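Data first, discussion second: the structure below is written as structure tokens.
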Amino acid sequence: MHEKVIVLDFGGQYNQLIARRVRECNVYCEVKSFKTPIDEIKEAAPKGIIFTGGPNSVYLDESPRIEKELFDLGIPVLGICYGCQLMAYTLGGKVSAADTREYGKTSTVFEMDCLLFKGLPENGITWMSHTDYVSELPDGFRSTAHTTDCPVAAMECAERKLYGIQYHPEVMHTENGVAMLRNFLYEVCGCAGDWSMSNYAKTAIASVREKVGSGRVLLALSGGVDSSVLAALLAKAIGSQLTCIFVDHGLMRKNEGDEVEQAFKKWDINFVRVNAKDRFLSKLAGVSDPETKRKIIGEEFIRVFEAEAKKIGKVDFLAQGTIYPDVIESGAGDAAVIKSHHNVGGLPDYVDFKDIVEPLRLLFKDEVRQLGTELGLASYLVWRQPFPGPGLAIRIIGDITEEKIQILQDADYIFREEIAEAGLDRDIHQYFAVLTSMRSVGVMGDSRTYDYTLALRGVTTTDFMTADFARIPYDVLERVSNRIVNEVQHINRIVYDITTKPPSTIEWE
Ligand code: XMP
């Protein structure tokens, strides 16, 4: 279908980033464990192979290895960091431990006749992170870049199309790093660059049509990015054969339920919005334990969905918004684990269907967004920040009442408006308000008040596993604070959460 490059994963921290960079260069690539059998690689007939970095030292017995035969297939190989050392070691060169680790931005000199550096400056900054280095080149190789401490910052055997680089071209600290990857893909591998989201949309639509035929497809739409883009794709592919069930638990952000509904009006699909607010709130009444709240919402969600799905009768396919990071087999662990992922946990057990459609399985998150734009999905859905399934229920500390939901929705809305107004909405990866349910004394006009404290949270993160608090400028915080206390009743104090994750989490419950 597409020309393909294989990224062989040796357990380094930037492996998915390498794959994303390759795709940014319009070349499709897949991440595979370094344990992938050589026959499987031959069968895939990739235009090139990239070895990632990894935490090991090649000269230790237990370190990941690769069969030498891989270098004889005539397929171009680029080794990065550990991958470069492994190439040198496997082909008869020598790798040694340096006295000091070379780490961070490093001034590097490149040989201009190496294809990787074609059209780029002779001097530049690279991002290094290594202790081992190639101390003797394998036969037929030459050094094509060096730094003060590292004689082989890059190497090549041009006739065999084998290349190695000690630094990390995929991180943004390496100047022209992506251009070097691009040179590998286009100058060395001879790629044509057939991976684009408009192409992908066309092929995905065609293959959904082929798989589904005249069958009926059911999708649980949460209004999050993945399920919304999936719905848009299916809408284009199969129109009225699609039924989307959108369970509105009444714990969405202000206007959000209507926005989701609005975004899908233009397509000829069966869109079922279940307004289940009363049902959820009555189950949640008086419950203040976070885990119990989550459990109640999860169970109730499934029940509501199930009841709706039963009304539709038999469906043929269940659509799921699984994306590529959920299915990558990592080279990091001993056993290659494939994470199973359901957009809404546990649903398939409750609905009668014969197969699953997962047309986003190959895409990274940023590609899902590009695809959404390509399909004409409303940008407020395409750029939506992550939102937890239990919604505002876990942003109201303690028990939930209709009044508290209203207060939080209004305050959160103002916060979001001001962040967007300040042009910060793409820089801060997640931001929201939390109603603490703590009350304190204030003064408004001439009267004493005793009202809620609202907390604001804003984080920057790459993977949501760790996060830093966002440095929102004081004048923006000041505007948010003024507006909220003036426009929203029952809030008389606002604090900004300045903890990182860990030790905190992003959400408060
Ligand atoms: P924490 O609070 O664990 O959150 O640091 C990490 C990310 O996960 C989101 N989150 C959830 N997403 N269902 C979801 O779909 C949930 O129950 C849930 N809880 C937390 C959170 O918003 C953040 O992006």
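The table for this structure:
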quantity: Percent carbon-and-sulfur accessible area, the chain, ignoring ligands, DNA and RNA, probe 1.4 Å; calculated: 48
quantity: Spatial separation of Cα centroids for the range 29-47 and the range 247-264, in angstrom; calculated: 43
quantity: Euclidean distance between Cα centres, the range 270-312 to the range 66-131, Å; calculated: 54
quantity: Ranked by how many other beta carbons lie within 10 Å on average, peptides 74-81, 496-503 from highest; calculated: 74-81, 496-503
quantity: Whole-Hz ³J(HN,Hα) from phi, Karplus 6.51 cos²θ - 1.76 cosθ + 1.60, for the range 164-180, glycine and proline x; calculated: x, 9, 7, 8, 9, x, 7, 8, 5, 5, 7, 5, 6, x, 5, 5, 5
quantity: Length added when fully stretched, Glu417-Glu159, from 0.36 nm per residue minus Cα-Cα; calculated: 87.1 nm
quantity: Residue-normalised accessible area of the range 189-243, given per residue in Å² at a 1.4 Å probe; calculated: 33
quantity: Sites Lys94 and Ile38 - FRET efficiency at Förster radius 22 Å, r taken between beta-carbons, to 0.05; calculated: 0.35
quantity: Proximal lysines relative to Lys354, as straight alpha-carbon distance under 24 Å, when same-chain residues fewer than 8 apart are discounted; calculated: Lys211, Lys236, Lys310, Lys311, Lys314, Lys339
quantity: Cα-based Lys pair tally, the range 1-148, threshold under 20 Å, eight or more apart or on separate chains; calculated: 13
quantity: FRET efficiency, Phe464 to Leu120 (Cβ-Cβ, R0 30 Å, nearest 0.05); calculated: 0.30
quantity: Principal axis dimensions, largest first and in whole angstrom, of the chain by Cα; calculated: 81, 61, 40
quantity: Arg294 versus Asn270: modelled label distance in nm, points set 7 Å from Cα along the beta carbon direction; calculated: 3.4
quantity: Cβ-derived FRET efficiency at R0 45 Å, Lys354 paired with Glu507, nearest 0.05; calculated: 0.75
quantity: For the range 395-496: accessible area per residue (Å², 1.4 Å); calculated: 51
quantity: Gain on full stretching of the segment that runs from Thr148 to Asp278 - 0.36 nm per residue minus C-alpha separation; calculated: 40.0 nm
quantity: Cα gyration tensor shape of the range 4-188, rounded if a/c is under 1.5, else prolate or oblate by comparing a/b with b/c; calculated: rounded
quantity: Simple spin-label estimate for Arg483 and Ile498 in nanometres, 7 Å along Cα-Cβ; calculated: 2.3
quantity: Protection-proxy order for peptides 446-457, 238-249, 149-160, each taking the mean of Cβ atoms within 10 Å per residue, highest first; calculated: 238-249, 149-160, 446-457
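The values are calculated or read from the model by the stated rules, or taken from the named source; none is laboratory data. In this text the structure is predicted, and so the values were computed from the model without any measurement. No Cβ is skipped: glycine too gets one built from the backbone with ideal geometry, and neighbour counts run over all protein chains shown. Areas reflect the complete protein model, heavy atoms only, side chains present, ligands, DNA and RNA absent. Shrake-Rupley method; radii C 1.70, N 1.55, O 1.52, S 1.80 Å.
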